[in-house]
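Derivation of every value follows stated rules applied to the coordinates shown; laboratory data play no part. Please read all numbers here as calculations on a predicted model, not as lab measurements. All Cβ positions, glycine included, derive from the backbone under ideal geometry; neighbour counts span all protein chains shown.
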Amino acid sequence: MSTAVTPEPTKHELHVVKHAVCTFCGCVCDDIELHANEERIVETKRACILGESWFKHHTAERLYPDALIDGKEATYDEAVEVAADILYQAHMPLVYGLSNTTCEAQRQAVWLAELVGGVIDSHTSL
Ligand code: SF4
């Protein structure tokens, strides 16, 4: 029986993302530097031990296409068109969730809810 050995990725094989945002806790540190191979985040510079654990349990591989429409792969622009149409036709859309979301993204969600005459709620209402 042979044992497969996965070699450690070399530095030149790693994808580096600077100024990544950690949304694990409310501090939302935005100066994290991530190093990832094709499957996993392997280094988290400037993240605390909680952030490091959070990042390292995420896979870096792309599991899904950029967008889906009715379960079928679509382009980002096509998905935005369909989403805009759904929101335009909705009676009172609910913008919901926003946990693990940056302040900038929350600001955009509130703006969107106001734009379409919807309501907004967070997961904390559960
Ligand atoms: S790095 Fe640590 S302190 Fe910063 S947001 Fe992540 S968990 Fe919070």
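A few notes on this one:
- Longest DSSP-loop-exposure-free segment, GluC sites (Glu not before Pro), the chain, at most 15 other Cβ within 10 Å: 62-126
- Neighbour counts of other Cβ atoms within 10 Å put Phe55, Phe24 in the fewest-to-most order Phe24, Phe55.
- DSSP beta bridges fully contained in the chain are about 75 percent antiparallel.
- The simple spin-label model puts a point 7 Å past each Cα toward its Cβ; for Tyr88 and Ser53 those points are separated by 4.7 nm.
- For region 10-59 versus region 87-126, the gap between their alpha-carbon centres in whole angstrom: 27 Å
- Whether region 13-56 is rounded, prolate or oblate, judged on the alpha carbon gyration tensor where a/c under 1.5 counts as rounded: prolate
- Spin-label model, Leu126 to Arg46: label points 7 Å out along the Cα-to-beta-carbon direction sit 3.2 nm apart.
- Principal-axis tilt of helix 76-89 within the chain, Cα atoms, nearest 10 degrees: 30 degrees
- Note on Tyr76 and Leu115: with the Förster distance fixed at 22 Å, the Cβ-Cβ geometry gives a FRET efficiency of about 0.65.
- Residues Thr75, Thr44, sorted so that the one with the fewest Cβ neighbours within 10 Å comes first: Thr75, Thr44
- Kirkwood Rh (inverse of mean 1/r, distinct Cα pairs), region 67-125, angstrom: 12.5 Å
- Given charges at Cβ of Lys, Arg, Asp, Glu: region 67-125 dipole, positive-most of Ser125, Met92, Val110: Ser125
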